[in-house]
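Asks: Starting off with a structure, shown below.
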Amino acid sequence: MTDIEASMPPVKAPATERGLFRARYTASPATMPVMLGLPVLAWQLVFFAAPLVFLIVVTFWKVRSFRLEPDFSFDNWTKIIFSVPFQRALAYTGEVAVLCTALTLIVALPAAYTISFRLSQKLRDLAITFLIVPVFSSYMLRIYAWQIVLSPDGIVNSLIRMAGLDGLPLLGGQFALQVGLLTLTLPVAILILVLAFSGIDRNLVEAAENLGCRRSKVILHVLMPSIRNATFLAGSTAFLMSFGDYISPLFMTGSKPPTLSILIVDTVKSGSQWPRASVIGVIMLAILALVFLLANFLGRDRKIQAGGK
Amino acid sequence: MRIPNFMSGDISRRGFLKAGAAGAALAASSQWSSAYADDPNVLNYLSWPGNADPYLIAEFEKANNVKVKIKEYVGGDQMLAVINQSPPGSFDVVLADAEYMHLLHASDFIEPLDPDDYPLKDFWPEFQKFPLHWFDGQLYGVMTDFGYLGLSYNTDVFKPEEVKSYAAMWSEKAKGKVGFFDWYLPSMGSISLSNGNLPPFDLSEDKFEAVKEKLFTLKPQASGFYTIADIFSSLTNGQAQLVPGIGEWITLGLRLNGVPVDTIIPDEGGLQWTESLSIVKGTPKKDLARKFIQYTTSPEGQVKMATKVDNKKSIPSIAGWKLLNETMPKDAEILRLQLDKPNVMDEYKAKKIQFRQLPSEQSIEDWNDVWSEFKSL
């Protein structure tokens, strides 16, 4: 409260109600945004920046008899960066995340298009509800459900055998892993794209059609460019979620091979090596930051172009 | 319960039997907090998850008018980390696996015990002076329970005679079906046994290298690396049909639920895990701690230990065996704790059992690195 009072110029007495309002109003253009922003900034500092700084600091610490001790040594960095399991996990995790991002977009774009342009209002609302519900349900539970569906004696294999064919090794491996990851990424990606599609001015579509564009041309030249940013956002979100995921690699493939997040847990589990786990964490964060910056850059690039035309 | 995975507690309880929501709610109320360090009516207990189950401790609490507050850990490393980071007096009693006892002793975390305070004379002679619990002729931990680790297999797919040797893991039939419990110690211990190393954790560099190479040849056979949560489901859904380095603590419960699995101690030998209770140095409640150990090793406490619903174990006390056979003969039969029939001591007496120990010639880190590399192959 005192902050607010201090930020306002002293009100000259005797102020009418209207005068008071005006005084507050004239003081606000500069101060109000700052004040509204402060809690957000404080939140960011306490819950993001500070832990991040600590995470980086810890990478230089040492573990002696299961206890963290402050130190300044690059041992953890060299140990992790030159370790073969880390390099393999890094390559594999990147591969998995890129594949998941591509699959997510391939499925999400037509799905979002159908929901936005092909469904009646009622069905669209229903579809969006069905997309939102999984976001609030337990991801772990959904992965367990997939285990029941895909396991050697699971639902799919039982059906295959009833048809007189041999069962398939569905669980374990890239297929199962991608199924698990898409469970996580698809609802979010489709929601982002549906929102983007519904933000498009329908007059543009009508205009294009009136000028003789076929549907495919409308999609390619009107719709897709309009949701370019959202596509990058959906893609980078899918990358972010799949790159850092722990549950799917653990339960759908039995950690075979391990991803970076599994490597983090393994590193802590054996010998309480928090500093080395932090190294992996920092590297993962750096990669994600790069991917976001790249997506941002590509998205912006187009805007300038469009504005320049 | 021998797994270094932070998820194991809740999931094993949930995925496994009927301990259920009520149990979880009770567990939540019996959680340890440093605030209880000086409370004379609280016993602070550092232990594997599930050991403050009312089934185990309610009687002790009533008889002594105290509450047992548990700080749960998963895996010896975590136990050492917790005890290292807590001020003296935070814990009164610690339950530890035998292979970590020398580390607890070396760091001076546990008190020497007076053997006369505890019913060691009731134990099987083999366990009265269990080597991993004694240092310089002094007792530091009292054994509470144990079990064996061998080769667990799907009985629909493998016949007992096919899994008499760890070599079964390299068979054509086992391709892509060998599951691993994701802990280097028992898993690599089994490979070491299959290489004929006795004891399996005391390896020269050459032998260690040979174990590493042999382990790496198993990669095409592997189906995955499982934590406690998914080792149960993988054995149940057929994802893993052969698992080295686990034992009846997993397969017995599954079998009772109708899953076709069993554990065999192969000809090359099996491993033994052992849990014991020790008094933590710096506790102001030594008497209470002693009473707790006495209670747990009494015939009544031992019977409860053996028959706890989510984790059935073998017990070292013959008096406990007798009471179990009198009061719960059916369980005694299932647990192979019958005095006049073939029982769990047979394998021990046949010298097929090696202690699970930490590597003596290499560092834990060396073994871990090999394990990590194997996983990432």
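Every number here is computed from the coordinates shown, using simple stated rules; none is lab data. Every value quoted in this text rests on a predicted model; they were computed, and no experiment measured them. Please note: Cβ atoms are built from the backbone with ideal geometry, for glycine as well, and neighbour counts cover all protein chains shown.
Asks: For chain A, what value does the Rg/Rh ratio take when both radii are computed over Cα atoms and Rh is the Kirkwood radius, given to two decimals?
Replies: Looking at chain A, the ratio lands at 1.09.
Asks: Tilt of helix B:54-64 relative to the longest C-alpha principal axis of chain B, in degrees (0 to 90, nearest 10)?
Replies: 20
Asks: Here is a further query. For B:73-83, what's the mean count of beta carbons from other chains sitting within 10 Å of each residue's beta carbon?
Replies: Mean partner shielding for this stretch: 3.
Asks: Further question: Using the Cα atoms of the protein assembly as shown, I'd like the radius of gyration and the largest Cα-Cα distance, Dmax, both in angstrom.
Replies: Spelled out, the Cα radius of gyration and Dmax of the protein assembly as shown are 30.2, 102 Å.
Asks: Also: Which residues' amide hydrogens lie under 5 Å from the amide hydrogen of B:Gly270, considering only partners 5 or more residues apart or on another chain, with H built in the peptide plane?
Replies: Amide H to amide H, under 5 Å and 5 or more residues apart or across chains, B:Gly270 pairs with B:Ile353, B:Gln354.
Asks: Could I ask something else about it? Within 10 Å of each Cβ in peptide A:168-176, how many partner chain Cβ atoms are there on average? Round it to a whole number, please.
Replies: 2
Asks: Quickly rank B:230-241, B:30-41 as a protection proxy: mean count of other C-beta atoms within 10 Å, highest first.
Replies: B:230-241, B:30-41
Asks: Report the Cα centroid-to-centroid distance between the stretch B:65-98 and the stretch B:270-319 in angstrom, as an integer.
Replies: With the stretch B:65-98 and the stretch B:270-319 each reduced to a Cα centre, they are spaced 14 Å.
Asks: Just the number: Rg to Rh for chain B, Cα atoms, Kirkwood Rh, two decimals.
Replies: 0.95
Asks: From the cross-link list B:Lys121/B:Lys304; B:Lys219/B:Lys349; B:Lys313/B:Lys341; B:Lys164/B:Lys375; B:Lys71/B:Lys304, which pairs have alpha carbons spaced over 29 Å apart?
Replies: Beyond 29 Å: B:Lys219/B:Lys349.
Asks: Using each residue's phi in the stretch B:198-206, evaluate 6.51 cos²θ - 1.76 cosθ + 1.60 at θ = phi - 60° and report the 3J(HN,Hα) Karplus result to the nearest Hz, with x for Gly and Pro.
Replies: Using θ = phi - 60°, the values come out as 10, x, x, 10, 10, 10, 5, 4, 4 Hz.
Asks: Taking each residue in B:220-228, count the Cβ atoms of any other chain within 10 Å of its Cβ, then average. What number comes out?
Replies: Across the residues of B:220-228, the mean count of other-chain Cβ atoms within 10 Å is 5.
Asks: A further question follows. Between B:Glu172 and B:Leu198, what length comes free when the chain is fully extended (0.36 nm per residue of separation minus the Cα-Cα distance, one decimal in nm)?
Replies: The B:Glu172-B:Leu198 span can extend by a further 6.6 nm.
Asks: On to the next question. What do you get for the angle between helix B:364-376 and the principal long axis of chain B? Use alpha-carbon atoms, 0 to 90 degrees, nearest ten.
Replies: 50
Asks: Please compute the Kirkwood hydrodynamic radius over the stretch A:115-198, one decimal place, Å, based on all pairs of different Cα atoms.
Replies: About 14.7 Å, per the Kirkwood formula over Cα pairs.
Asks: Taking 25 °C and 0.890 mPa s as the conditions, I'd like the Stokes-Einstein D for the stretch B:60-149 in µm²/s, using the Kirkwood hydrodynamic radius from alpha carbon pairs.
Replies: 167
Asks: Here's something else I'd like to know. Nothing charged except the Cβ atoms of Lys and Arg (+1) and of Asp and Glu (-1): what's the magnitude of the dipole of the protein assembly as shown about its Cα centre? Round to the nearest 20 debye.
Replies: 2980
Asks: Follow-up question, since we're still on this one. Given a Förster radius of 60 Å and the C-beta distance between A:His221 and B:Ser360 as r, what FRET efficiency does 1/(1 + (r/R0)^6) yield to the nearest 0.05?
Replies: In this case the efficiency is close to 0.25.
Asks: For the stretch A:53-128 and the stretch B:338-357, compute the distance between their C-alpha centroids and round to whole Å.
Replies: 47
Asks: If a paramagnetic tag sat 7 Å from the Cα of A:Tyr139 along the Cα-Cβ line, which residues of the stretch A:179-201 would have the backbone N under 13 Å from that point?
Replies: A:180-189
Asks: Rounded, prolate or oblate: which one fits the stretch A:204-309, using the alpha carbon gyration tensor with axes a ≥ b ≥ c (rounded when a/c is under 1.5, else prolate when a/b beats b/c, else oblate)?
Replies: It comes out oblate by the Cα gyration axes.
Asks: Here is a further query. Pairwise over distinct Cα atoms, reciprocal of the mean inverse distance: report the Kirkwood radius of the stretch B:182-310 in Å, one decimal place.
Replies: 17.6 Å is the Kirkwood radius here.
Asks: Taking θ as phi - 60°, what are the ³J(HN,Hα) couplings along the stretch B:247-253 by the Karplus curve (6.51, -1.76, 1.60), each to the nearest whole Hz, with x for Gly and Pro?
Replies: Those phi angles translate into x, 5, 4, 9, 6, 4, x Hz.
Asks: Assigning unit charges at the beta carbon (Lys, Arg +1; Asp, Glu -1) and nothing else, what dipole magnitude in debye, to the nearest 20, does the stretch B:242-299 show about its Cα centre?
Replies: I would put it at about 640 debye.
Asks: How far apart, in nanometres, would the label points at B:Gln338 and A:Val149 be if each is projected 7 angstrom from Cα along the Cα-to-Cβ direction?
Replies: 4.7
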